[in-house]
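Okay, structure first, notes after.
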Amino acid sequence: MLNRIILLLLIIPQLIFSQENPTNPNQKFTISGYVKDGKNGEALIGALVYKKDTQLGSSTNEYGFYSLTLPAGKHTLLISFVGYTSIMQEIDLTKNTTLNFEPKEQGRDLQEVEITAEAADKNVKSMEMSVAKLDIKQIQKMPALLGEVDVIKTIQLLPGVTTVGEGASGFNVRGGNIDQNLVLLDEAPVYNSSHLFGFFSVFNPDAVKDVKLIKGGIPSQYGGRVSSILDIRMKEGNNKTYEVNGGIGTIFSRLAIEAPIKKDKASFIIAGRRSYIDVLAKPALKKRQPELADAKFYFYDLTAKINWKINDKNTVFLSGYLGRDVFGAGFTFNWGNTTTSLRWNHIFNSKLFMNMTAFYSNYDYQLGFKQEGTSQKFEWKSNIINYSVKPDFAYYLNSKNTIRFGVQAIYFDFVPGRAAVTDNKSNTINISLENKRGIEYGVYLGNEQKLLPRLTAEYGIRWSFYNYLGEGTVYYYRDTIPNEERPLEREEKAKSWESIKFYHNPEPRLALNYTIDDKSSIKASYNRMAQYIQIVSNTAASTPLDVYTPVTNNIKPLVADQGAIGYFRNFKENMYETSVEIYYKYMQNQLDYIDNSDLLLNKYLEAQLLQGLGRAYGAEVYLRKTKGKLTGWLSYTYSKTERLVRGISNDEWFFSKYDRTHMVNTSATYDWKRFSFSANFVYLSGTPATFPNAKLQLQSVNIPYNTENKRNNYRNTPYHRLDLAVTYNLTRNPEAKKRHSVVVSVYNVYNRRNAFSIYFRTKEGEPMQTEAVRYSVIGTIIPALTYNFRF
């Protein structure tokens, strides 16, 4: 069945191609081409190309391509992209025509007014809901920890997005775990999006062009995760002239170089960062703690991309990322991501566009200990490797229908642990776990259709498949009472590439937009998503040591159904954007664990796993100001996230560890002359935690316990924080090629000691008393100074 579906989808383009110039009694023709930045040649995503004074138009895709079908005759086209000068062009349409446009960025005065690169009324008229799109220029103005611009920290200021605390990797969307977010860098998945245990993201802002977070109403071309898609697009590289960007900060510096290889035909960008905490701290450590003089604690990343326009119909892109964190002080601990993406854009005809992607992704970590003066040591390595091929097609049928279809295959190679222990006699014991392998397939078909002048629908289906493959040992367990380890029934050996277990899931998608008037609309969406890999962790926050496991004969796929409805309205000529969304998400087969489970290097791990239900629901209110000297947003989220697992918490619904009942986020930027002032404020309800409500005393030792047997029965204290920043542009002429600026920022302005966790201990000097202790990752004001340059 799967082979037939893939074959059909591959034949469709040829059938369409063969009908490039069919006989058409209505005499309609198609205009197609690219819209790119006139200054550097970067593709403009979401630019509008439309017929003046009508609703007939098209927006550019992720590669800047558009296609618009109009009746034969004379037309006036408008090309619009906020922050850029609009283009008006008269055409006499007598045949299919290729037209490329290169609007130029507006001057400083207008740039200060327009902070977003979208159509002014896109909030109301687009199909997108539960979607946030951030301009990298806006991100660069916002205050950040130690003055370093951070994509992940910025999206945590959006409604419905949070984290369990400072020092936690990744982010949580509408109550989901971090593994439920598909993070893409030029379409390749990134499994750990954080440096330095969550304090910084792995994405270099100098190499990022576009950031898009999809929380709901997920189109059919996306799959593999149930909570969100974070789609990050890298710059292609300036194909007009050379350009250098960089910065020198408090703990790391960065540099990006981009230039044409052949003007308007090929270009490249290469960007790198490296922290120097170890270099700055080494003199002090050598003097005060000589044993730590050779300690290692730094991170680095390198991002590169090259593109080549072969001809008007073919363009290829090659991009890559390499990043690593290294820690060591009597031990070795490092982790990192490596990705490579090769993409080919091909235009079959004026209506059919294809992007073919092949990518490689590898996330790995290493941990080691060695006893000085002996041969005793412990070494552990783990990683997850992906290979994928994915052709995507867009067929612009007419001005009312845009059809998207494609296929994808991903090969997974899981290495849960290559580990060995060496004793003091140099005897090595191998305690490694076997690799796990599998292939995930996906086929999809979707259409965005204008049903009525005020009603537009986007509907489709994705059908996903997963084949759990040998070689390796297959474990079969007997059932037992809930919250107890399942007894082993038998073990079997599977041959290489032998199919052990096969799963498939239909994933329907639907989105509706009813435009009430030019200023307001009602939107609704539904999507089902299936996820075939989950993270194995029972800690409060994710760590680099977390292991991913695929579905097996003992673990079923995670499936989530989400519905949302929202009201969207703009005010004062689109100066203010507002939205109110209500959502409900229901999840099946979420991973959980029996009490006192052993998750690390345990070949019988699956006997200790539980799978249960989850639900998340809430409301998100969002107000954004997009024009004027003062810009920014204010959001409030009310949410509940709960789980139900047999054998846990008396078989009752309990709060997930990612639950935050109330979330208030605000971000504001004010531009004045050569200064830019910015501020962020965050308030979050405390995360749930399991606290004892009684204690036993045995021989003057306090033993806390929970008499109710309930999980997450209390909450940590609320989290709140204020950050401020001032940017001063040293260059008087904002249009000058050479530009310099200084950023002064203060993180945690009023010195709040937010609780990451609370634990209990016997009070010192009073052995019969127990006290609660608050653990804070950051408990002080953190000022920073950063110098940025561009030439």
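The values are calculated or read from the model by the stated rules, or taken from the named source; none is laboratory data. Predicted model, so just to flag it, every value in this text is computed and none were measured. When we count neighbours, we look across all protein chains shown, and the Cβ atoms used for this are built from the backbone with ideal geometry, even at glycine. These accessible areas exclude ligands, DNA and RNA; they are computed on the full protein's heavy atoms, side chains included. Shrake-Rupley method; radii C 1.70, N 1.55, O 1.52, S 1.80 Å.
Observations on the structure shown:
- Modelled spin labels at Val316 and Ile429, positioned 7 Å past Cα toward Cβ, are 5.2 nm from each other.
- From phi via Karplus (6.51, -1.76, 1.60), per-residue ³J(HN,Hα) for the range 438-452 in Hz, x at Gly/Pro: x, 10, 9, 10, x, 10, 9, 8, x, 9, 9, 10, 8, 6, 9
- Helix 277-288 vs. the chain, principal-axis angle (Cα, 0 to 90°, nearest 10): 30 degrees
- Approximate spin-label separation Asp294-Lys640, in nm, with each point projected 7 Å along Cα-to-Cβ: 5.8 nm
- The slack between Ala281 and Phe378, meaning 0.36 nm per residue of separation minus the straight C-alpha distance, is 32.2 nm.
- Met575-Phe502 FRET efficiency (beta carbon distance; Förster radius 35 Å; 0.05 resolution): 0.05
- Residues Tyr387, Tyr50, sorted by accessible area with the largest first, give Tyr387, Tyr50 [1.4 Å probe; ligands and nucleic acids excluded].
- Only helical runs count toward this figure. For the chain, summing -39,500 (n - 2.57) over DSSP H runs of n ≥ 4 and dividing by all residues gives -1500 deg cm²/dmol at 222 nm.
- Phi to ³J(HN,Hα) by Karplus 6.51 cos²θ - 1.76 cosθ + 1.60 over the range 174-191, Hz, x for Gly, Pro: 6, x, x, 6, 5, 6, 8, 10, 8, 9, 10, 10, 6, 6, 9, x, 10, 8
- In a simple Cβ point-charge model (Lys, Arg +1; Asp, Glu -1; nothing else charged), the chain has a dipole of about 1520 debye relative to its Cα centre.
- When Tyr444, Tyr395, Tyr750 are compared by accessible area of protein heavy atoms, the largest-first order is Tyr750, Tyr395, Tyr444, using a 1.4 Å probe.
- Packing-based order for 704-716, 669-681, using average beta carbon neighbours within 10 Å, highest first: 669-681, 704-716
- Ordering Ala409, Ile152, Ala668 by Cα displacement along the dipole of the chain toward the positive end leaves Ala668 in first place; charges were set at the Cβ atoms of Lys, Arg (+1) and Asp, Glu (-1).
- Separation of the range 511-537 and the range 726-791, taken as the distance between their Cα centroids, equals 35 angstrom.
- Tyr514-Thr539 pseudo-label distance in nm [points 7 Å out on the Cα-to-Cβ vector]: 4.9 nm
- Dipole axis of the range 604-759 (+1 Lys, Arg; -1 Asp, Glu on Cβ), positive-most option in Asn729, Thr687, Thr707: Asn729
- Against the rule of thumb 2.2 N^0.38 Å, how large the Cα Rg of the chain comes out: 0.98
- The order of His662, His346 by accessible area, most exposed first and with a 1.4 Å probe, is His662, His346.
- Summing Cβ point charges (Lys, Arg +1; Asp, Glu -1) relative to the Cα centre of the range 326-424 gives a dipole of roughly 580 debye.
- Subset of Lys51/Lys137; Lys436/Lys495; Lys657/Lys695; Lys28/Lys351 violating a 19 Å alpha-carbon distance limit: Lys51/Lys137; Lys657/Lys695
- Cα lying deepest toward the dipole's positive end in the chain, options Leu185, Ala394, Val746, charges on Cβ: Val746
- Between Phe331 and Ile782, the C-beta separation translates, for a Förster distance of 25 Å, into a calculated FRET efficiency of about 0.40.
- Folded to 0 to 90 degrees: helix 2-17 orientation relative to the chain principal axis, Cα: 20 degrees
- Charge dipole (Cα centre; +1 on Lys/Arg Cβ, -1 on Asp/Glu Cβ; no other charges) of the range 555-616 amounts to roughly 160 debye.
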